[in-house]
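Written below as structure tokens is the structure these notes are about.
The values are calculated or read from the model by the stated rules, or taken from the named source; none is laboratory data. Everything numeric in this text was worked out from a predicted model, so none of it was measured. Every residue, glycine as well, gets a Cβ built from its backbone with ideal geometry; the counts of neighbours run over all protein chains shown.
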Amino acid sequence: MFAFTIRRIAQGILVMLIISFLCFTIQHAIGDPVRDIVGISVSAAEREALREKMGLNDPFLSQYIRFLGKAVRGDVGMSFFFKKPALEVILFKAPATLELVFVSSVIIIFISIPLGIYCAINPKHILSRIIMGMSIVGVSIPVFLTAIMLIYIFSVELHWLPSYGRGELVNIGGWKSGLFTISGIRHLILPSIALSSIMLPLFIRLIRSQMMEILETEYIKFAWAKGLHKRRIWFIHAFKNTLLPVITVGGVQLGTMIAFTILTETVFQWQGLGFLFIEAVERADTTLLVAYLMVVGVIFVVVNTIVDLIYGLVNPTVRIQGTR
Amino acid sequence: MGTLARIRQSYILYSFVRDWVAITCFIVVCILILISFLSPFIAPHNPYESASINVMNAETPPMWMEGGSSEFILGTDSQGRDLFSTLLFGMRISIIIGCCAVILQAFLGVIIGLVSGYIGGRLDSFLMRMADVQLSFSTMMVAIFLGAIFQAAFGVAMYERFAVVLLVFIIGLAEWPQYARTVRASVLAEKQKEYVEAARVIGLNSARIMLRHILPNTLSPVLVISTVQVANAIMSEAALSFLGLGMPVTRPSLGSLINSGFEFIFSGSWWITLFPGIFLVLLILVINLLGDWLRDVLNPKLYKG
């Protein structure tokens, strides 16, 4: 297990290096740090002097190493628009996105597991057919369309729920949270339903197909033969083994989730990372854009490594395969 | 046996005529493709011709509602364009981008998958590791990033001018790993078989073995994922256009139409968003259903319902 852990961490670091290299290349090719600092109204000679002073005329590789050194210490440059360190801007916006993702994950977990199990146990039942039919329709509806329709129905027509923003926030040690006020929760409902709507069908289908496969295995047949109660077989014996692949896929799907936060946050003008990213694209704020890519890269690599490690912990065959 | 008789006796046709879902989906796809490609002839107005557009007509509701006119069947958008015509033209762009992007990603993916599976070793582990990393970032994410980077690099005006080509490029680059993995998996299985051994013994070179002998045997899974990938590509294009990283409002695709309608939903003009949305969902849904059916027919092993 120790060797496995080390290898996975080394792989993660390698991926992170590649990501940082790509990010630096992008910044080098399209960004202009001089403009980010002084604006466009400064003479060419002064700019050139500043370029020299900042080391922008150095060879590409030595600039990259300097970029990497700074990035490790948490300095990825100044945002052109906010006139603040890019990482600070991102950390300031992060809680909004994290709360949205958290609430959506809770919705997904509490709906997909019961429905998935139900469809696996009664595959021929009319209700399971309806659920499976709905799930393929759900996969085909883009998340932004769901979001717009929710806004139209629940805020424009019925006036039940607010359509944009985060509402009243409570400050808990620097973390601006909307989870503790009624207004904050009301603002959270529509975005989190929209965000979970796109992932739900996927998880229902995944849990169903996994569970159906498990129910065909020998040990389940043996459990039936032993005369165990059906609930015990379904929820304890079969469900445990269903959960494993679901955790792995769930970890990997985090990427899709972050992509969809960009769309959801744009529709609801949710002041989180995705909205920040689109604003950065519109304002050509290259430093902020690159910083966002780096932060998302770190989140990915960390989550994927942790998922791999958990998987290795519960399923030893993966570890043995990895040594070859 | 003639080609016609072979088609008539094939298993695909046999299961096709017995599956009403597949038949319905096939008909709907055909109708959608037909009306979108015939749009210059059947659309009542030409949305690209600025002379025929009158801003006074903006936000006219559909004809069956109060204030609607029979001239505009589904109403007009925020600029006074006939929504039905704009929608048909937009669907044509969406379909073209979707198909071209799939051709590009299939081309990239098949070549990388073939080489990676046949040659193996270091190259294989490098290419597959790259595919893994890209897949773990999710194709939608990679497409959005590429779009953002391209827009920053080219500038907005340039980006809008070459939007179709750039979108094909972006979506193609973002989604090749799907193909590469599928092709590699079947290449690994085919490589063990005797006919490949025989071809090698005759002294054929690797390129010929790969392209003429192995490739034809790996095509059925490629066909299966291609259908679903077209739906994915159309979805990605819509998402990019919705974010403002895709087709400009002057030449809207379904995604950019939804985006331009979104601003007007608060004033009650729901039709600008709803109708393109319905067509988009219908298009993606029927392609997905066809893809599912094709997978079940061509690859019974994969059948999981």
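Residue-by-condition table, conditions (1) more than 11 Å from every other protein chain (Cβ to nearest Cβ); (2) at negative phi; (3) at pLDDT 85 or above; (4) under 27 Å from the mean Cα position of the chain (by Cα):
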residue	(1), (2), (3), (4)
A:GLY250	yes, yes, no, yes
A:ALA259	no, yes, no, yes
A:ASN304	no, yes, no, yes
A:VAL307	no, yes, no, yes
A:PRO316	yes, yes, no, no
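Could you list, in sequence order, the residues of segment A:220-234 that are in a helix (DSSP H, G or I), surrounded by 11 or more Cβ atoms within 10 Å (Cβ to Cβ) and either free of Cβ contacts under 8 Å to residues at least 60 places away in the same chain or of a type in the set (Lys, Arg) (or both)?
Residues satisfying the conditions are A:ILE220, A:LYS221, A:PHE222, A:ALA223, A:TRP224, A:ARG232, A:ILE233.
Given the criterion under 25 Å from the mean Cα position of the chain (by Cα) and surrounded by 15 or more Cβ atoms within 10 Å (Cβ to Cβ), identify the matching residue among B:TYR118, B:TYR179.
Answer to the check: B:TYR179.
Is segment B:194-207 home to any residue that is within 14 Å of chain A (Cβ to nearest Cβ) and either over 23 Å from the mean Cα position of the chain (by Cα) or more than 20 Å from B:GLN134 (Cα to Cα) (or both)?
no
Among the numbered conditions (1) surrounded by 20 or more Cβ atoms within 10 Å (Cβ to Cβ); (2) within 9 Å of another protein chain (Cβ to nearest Cβ), tell me where B:ILE272 comes up short.
Only one criterion is unmet by B:ILE272, namely (2).
Given (1) facing chain A (nearest Cβ under 10 Å); (2) farther than 23 Å from B:SER85 by Cα; (3) buried (at least 22 other Cβ atoms within 10 Å of the Cβ); (4) not basic (Lys, Arg), where does B:VAL187 come up short, assuming only one miss?
(1)
Residues that are crowded, with 23+ Cβ neighbours inside 10 Å and either touching a Leu at 6+ places or on another chain (Cβ under 6 Å) or more than 14 Å from chain A (Cβ to nearest Cβ) (or both): does segment B:250-264 have at least one?
yes
Return the residue satisfying two criteria in turn: it lies in segment A:143-162 and is in contact (Cβ under 8 Å) with a residue 12 or more places away in the chain, out of contact with any Leu (no Cβ under 7 Å at 6 or more places or on another chain) and under 13 Å from A:ILE193 (Cα atoms), and of such residues it is nearest to the other protein chains (Cβ to nearest Cβ).
Per the stated criteria, the residue is A:ILE148.
Going through segment B:246-295 one residue at a time, which ones are farther than 30 Å from B:ILE149 by Cα and of a type in the set (Phe, Trp, Tyr)?
B:PHE266, B:TRP270, B:TRP271, B:PHE275, B:TRP293
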